[in-house]
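> Submitted below is the structure of interest, expressed as structure tokens.
No lab work stands behind these numbers, since they all come straight from the coordinates. Owing to the predicted nature of the structure, the values given are computational and were not obtained by experimental measurement. Backbone-built Cβ (ideal geometry, glycine too); neighbour counts: all protein chains shown.
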Amino acid sequence: MGSFPGHVLPGTLFLLVGIWHIWSSVVRYASNPKSFRVRVWNPVPGFDGRLKYLELYVIAGGAFIDMCIEFFYSTHLKFFVHGVLNPTHMNDFEHAGMLLMFFVFSLVALLSEKTSFLPLPEGALCLIVATAFCAEYLLFYFHSTTHKGLEGHYHLLLVLLVGLCILSIVTGSLMPTSFPADLCSGIAITLQGLWFYQTAFTLYGPMMPDGCRLKENMVTCHSQDKEVRGQLLANFQLFSLVFGVLVAVAGSYIFAAKRFGHSGVMSLHTAEDGLDQN
């Protein structure tokens, strides 16, 4: 069982990175669709290049802080009991291991971009971050903590979103000029961050479904009908988040096309309209 901060902290990290990825992808495509390339991270323009690597620093700092919280604070420094890993905090060790993968990715990306010690193509960086998401997927799927009932349903939906992140990033590495693949990566990461927030507010906050409650670190429902109602509510919440994100993406694309739009964007739509008429 997790906690409210334990879901909000990683959710904030994924949400910030996902929103930035969506906006950067849309702007780059609207600016020049013919030269568009998939990017696993996006530099911050302006400021004389001083904030160019801000996204990688945010990932590194956020992952490191959350990893330290999971590994040191949550475990109360009781790593071993009778010579073996403390089974009480096994889920904390798993979360720390997941965050370590994202921390490693950010360090590898910084070394690749800022030094000549580890020159890697964009496709290789895509596969590295896909590996980090694979670690997250496996750790959540084979979680040491038993997820059942309503909690298990929220957990299952989270695993599906992580799987979507993996699929979109791998697709981007195989199709380096695909705008849909790059945009889907940002959408999937954003949805994962939002779902962490939704889980926190539902299972550990004021949005607990009627007839269910958190007691002794377990979510229990008074009856099977209440549990099914809670699961249906979770499905609706995810649908609402997906719908909201898609509307926001469409709005950002319209704004970017008007603000930064390249003539190639309009020519592409004109050509497609001509093909439809023929």
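> Lone cysteines in the chain, defined as no other cysteine's Cβ under 4.7 Å from theirs: which are they?
That list is C68, C126, C134, C165, C184.
> Can you put L51, L158, L107 in order, fewest other beta carbons within 10 Å first?
L51, L107, L158
> When W195, W23 are ordered from fewest to most other Cβ atoms inside 10 Å of their Cβ, what list results?
Fewest to most other Cβ atoms nearby, the residues stand as W23, W195.
> Compute the long axis of helix 122-141 from its Cα atoms, compare it with the longest principal axis of the Cα atoms of the chain, and write down the angle in degrees, 0 to 90, nearest 10.
Roughly 20 degrees between the two axes.
> How large is log10 of I(q)/I(0) for the stretch 76-176 at q = 0.18, 0.20, 0.22 Å⁻¹ when the intensity is taken from the Debye formula with one equal scatterer per alpha-carbon?
-0.92, -1.01, -1.10
> Simple spin-label model, 7 Å along Cα-to-Cβ: F255 to N235 in nm?
So the label points at F255 and N235 sit 3.4 nm apart.
> Now for a different question. Suppose every K and R has +1 on its Cβ and every D and E has -1 on its Cβ; what is the size of the dipole of the chain about the Cα centre, in Debye to the nearest 20? Could the numbers behind the result be given before it?
Working: 15 positive and 18 negative charges, 80 e Å.
Rounded to the nearest 20 debye, it is 380 debye.
> Can I ask one more? What residue among L241, T190, Y29 has its Cα farthest toward the positive end of the dipole of the stretch 4-277, where the charges are +1 on Lys, Arg and -1 on Asp, Glu, each on the Cβ?
Positive-end residue among those listed: Y29.
> At 0.36 nm per residue, minus the direct Cα-Cα distance, what do H143 and L156 gain on full extension? Give it in nm, one decimal, please.
3.5 nm
> Could you pull out which residues in the stretch 122-152 have an amide N less than 14 Å from a spot 7 Å beyond the Cα of M218, following the Cα-Cβ vector?
Of the residues in the stretch 122-152, 145-152 have backbone N under 14 Å from the label point off M218.
> Cα axis of helix 263-277 to longest principal axis of the chain: angle in degrees, 0 to 90, nearest 10?
Orientation of helix 263-277: about 90 degrees from the principal axis.
> Between S74, V104, L232, whose Cα lies farthest towards the positive end of the dipole of the chain when Lys and Arg beta carbons carry +1 and Asp and Glu beta carbons carry -1, centred on the Cα centre?
The Cα lying farthest towards the positive end belongs to V104.
> Going by how many other beta carbons lie within 10 Å of each one, how would you line up Y204, Y141, fewest first?
Ascending number of Cβ neighbours within 10 Å: Y141, Y204.
> Additional query: So for the pair L111, R37, with labels modelled 7 Å out along Cα→Cβ, what separation do we get in nm?
Label at L111, label at R37, 2.2 nm between them.
> Which three extents, in whole angstrom, do the alpha-carbon atoms of the chain cover along their principal axes, largest first?
Sorted largest first, the three principal extents are 65, 50, 32 Å.
> Pairing the Cα long axis of helix 224-260 with the longest principal axis of the chain, what angle in degrees results, from 0 to 90 and rounded to the nearest 10?
Once rounded, the angle reads 20 degrees.
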